[in-house]
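The values are calculated or read from the model by the stated rules, or taken from the named source; none is laboratory data. Since the structure is predicted, the reported quantities are computational estimates derived from the model, not experimental observations. Don't worry about glycine lacking a Cβ; one is built from the backbone with ideal geometry, like all the others, and counts go over all protein chains shown. These accessible areas exclude ligands, DNA and RNA; they are computed on the full protein's heavy atoms, side chains included. Shrake-Rupley method; radii C 1.70, N 1.55, O 1.52, S 1.80 Å.
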Amino acid sequence: MQARKRILVDLVLLRVVTIWGIHFAVLKAAYRSFHPIAFNAVRFFLSAAILSLLMKWRGMSFRIERKDIGPMLWLGFVAHTVYQFLFVLGLARTRAANAALIMALTPVFAYMIGVFARRERFSKAVLGGIVLSLLGVSAIVILGLDGVELGGTWRGDLMLIGSAFCWGW
């Protein structure tokens, strides 16, 4: 039974990675028909409505502790509002391959912020893993048929670096 659970967990994780992998190309295609902000507004409204209904159906509370309101508002502003604006507008101004590569910086920023905030300890092994991961993603994107474009997409690329930083925060 334990082996079946592990296989099920692996299949679910594989599904998540697959969805994340096609996410950039799907959004780029959608942006041909919709403005990125309008598309994201509809997407988030539907997501919030569905999640609220699921919470209500499962009997979960919407209550937030008073001490958590300020930090949640700040985190929500940086990690969702600013992140999403930078992400959707950056993706609209660059290529899907560039976006995928740049968003791979998120764990790098999360780790660096954690180290500087003293919530994480510096580790050569973790840093090595991050570098290895970035090299792997870079190789896949750069050696692909279309590769990474470094010229006319710099505005979008910079916005995506900002979004990766916000998400890492």
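Considering only residues that are in a loop (DSSP other than H, G, I, E, B) and of a type outside the set (Lys, Arg), look in the range 65-104 and name the one that is farthest from Ala139 (Cα to Cα).
Narrowing the range 65-104 to residues in a loop (DSSP other than H, G, I, E, B): 65, 93-95, 104.
Pick out the ones that are also of a type outside the set (Lys, Arg) and you get 65, 94, 104.
Values: Glu65: 45, Thr94: 19, Ala104: 12 Å.
For the range 65-104, the residue satisfying everything is Glu65.
One line per residue, one yes/no per condition, for (1) of a type in the set (Asp, Glu); (2) surrounded by 21 or more Cβ atoms within 10 Å (Cβ to Cβ); (3) within 12 Å of the chain's Cα centre (by Cα):
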{"site": "Arg66", "(1), (2), (3)": "no, no, no"}
{"site": "Ile69", "(1), (2), (3)": "no, no, no"}
{"site": "Gly76", "(1), (2), (3)": "no, no, no"}
{"site": "Thr94", "(1), (2), (3)": "no, yes, no"}
{"site": "Asn98", "(1), (2), (3)": "no, yes, no"}
{"site": "Thr106", "(1), (2), (3)": "no, no, yes"}
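Of everything in the range 1-44, what is among the hydroxyl-bearing types (Ser, Thr, Tyr) and part of a helix (DSSP H, G or I)? Give them in sequence order.
Thr18
Within the range 38-64, restricting attention to residues that are charged (D, E, K, R) and open to solvent by 90 Å² or more (accessible area, probe 1.4 Å), which residue is nearest to Gly168 (Cα to Cα)? Working first, answer last.
Looking only at the range 38-64, we keep the residues that are charged (D, E, K, R), and these are 43, 56, 58, 63.
Still in the list and also open to solvent by 90 Å² or more (accessible area, probe 1.4 Å): 56, 58, 63.
Numbers: Lys56: 30, Arg58: 30, Arg63: 26 Å.
Looking at the filtered set, the residue picked out is Arg63.
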Which pairs have Cβ atoms under 9 Å, sit 6 or more apart or on different chains, and link a residue in the range 73-91 that is polar (S, T, N, Q) to one that is at pLDDT 90 or above and open to solvent by less than 40 Å² (accessible area, probe 1.4 Å)?
-> Thr81/Cys166; Gln84/Ser163; Gln84/Cys166
List the number of the failed condition for Met112; all other conditions in (1) open to solvent by less than 40 Å² (accessible area, probe 1.4 Å); (2) part of a helix (DSSP H, G or I); (3) at pLDDT below 90; (4) not β-branched (Val, Ile, Thr) hold.
-> (1)
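Taking into account only those residues within the range 119-137 that are open to solvent by less than 100 Å² (accessible area, probe 1.4 Å) and either touching a strand residue (DSSP E or B) at 6+ places or on another chain (Cβ under 8 Å) or among the hydrophobic types (A, V, I, L, M, F, W, C) (or both), which is modelled with the lowest pLDDT? Walk me through how you get there before you give the answer.
Filtering the range 119-137 for residues open to solvent by less than 100 Å² (accessible area, probe 1.4 Å) gives 120, 123, 125-131, 133-134, 136-137.
Filter again for either touching a strand residue (DSSP E or B) at 6+ places or on another chain (Cβ under 8 Å) or among the hydrophobic types (A, V, I, L, M, F, W, C) (or both), leaving 125-127, 130-131, 134, 137.
On the way: Ala125: 89, Val126: 86, Leu127: 84, Ile130: 83, Val131: 84, Leu134: 77, Val137: 69.
By that ranking, first place goes to Val137.
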Kindly provide the set of residues from the range 22-37 that are open to solvent by 80 Å² or more (accessible area, probe 1.4 Å) and not aliphatic (A, V, I, L, M), ordered by number.
-> Arg32, Ser33, Phe34, His35
